[in-house]
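All of the numbers you see were taken from the coordinates with simple rules; none came from a lab. Keep in mind that this is a model prediction, so the values were computed, not measured. No Cβ is skipped: glycine too gets one built from the backbone with ideal geometry, and neighbour counts run over all protein chains shown.
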Amino acid sequence: MPDRELLEVRDLRVHFPTDDGLVKAVDGVSYSLDKGRTLGIVGESGSGKTVSSLTIMGLQGKNAQISGEIWLGGQQLVGMDPNVKRKLRGSEVAMIFQDPLSSLHPFYRVGAQLIEAVQTHQSVSKSAARARAAPQAAWSRRCCRRRPTSAWSRCG
């Protein structure tokens, strides 16, 4: 994997055995993401977006049959010890689920929740966590002061 690639997914397949047969939730997906770039994954309902992302995070179901390669910062995630992969979550890789209102508590400000997440996974001060959670862009600071119910429509 070249140094500039942060994430590379090669021929990822995630299948689930069921009583009705094998469900091929993800069947041969490949993509890469360079450092400093953003990747949006879009597709029809049921096309495997969530399952492929959960698999990168190591959060797929226990009965999932996984093949292919997932490289994150030069480390192969497929077949990695679950305890090692758990340590990567939140520090090297994170996911905001499709419905951010179910991921973020509506009572607390977005910034406070992001700071808490950073401090949960890294041994840093509150000010260091704040700097990591909210880069100095004006829109980011504005969003962090809002509650999730109002942030999504007013941050852009």
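Tally Lys and Arg at +1 and Asp and Glu at -1 over the other residues with C-beta under 12 Å from the C-beta of GLY58: what net charge comes out?
+3
Any aspartates and glutamates with Cα under 17 Å of the LYS87 Cα? List them, leaving off those in the same chain fewer than 8 positions away.
Within the straight-line limit of under 17 Å, LYS87 reaches these aspartates and glutamates: GLU116.
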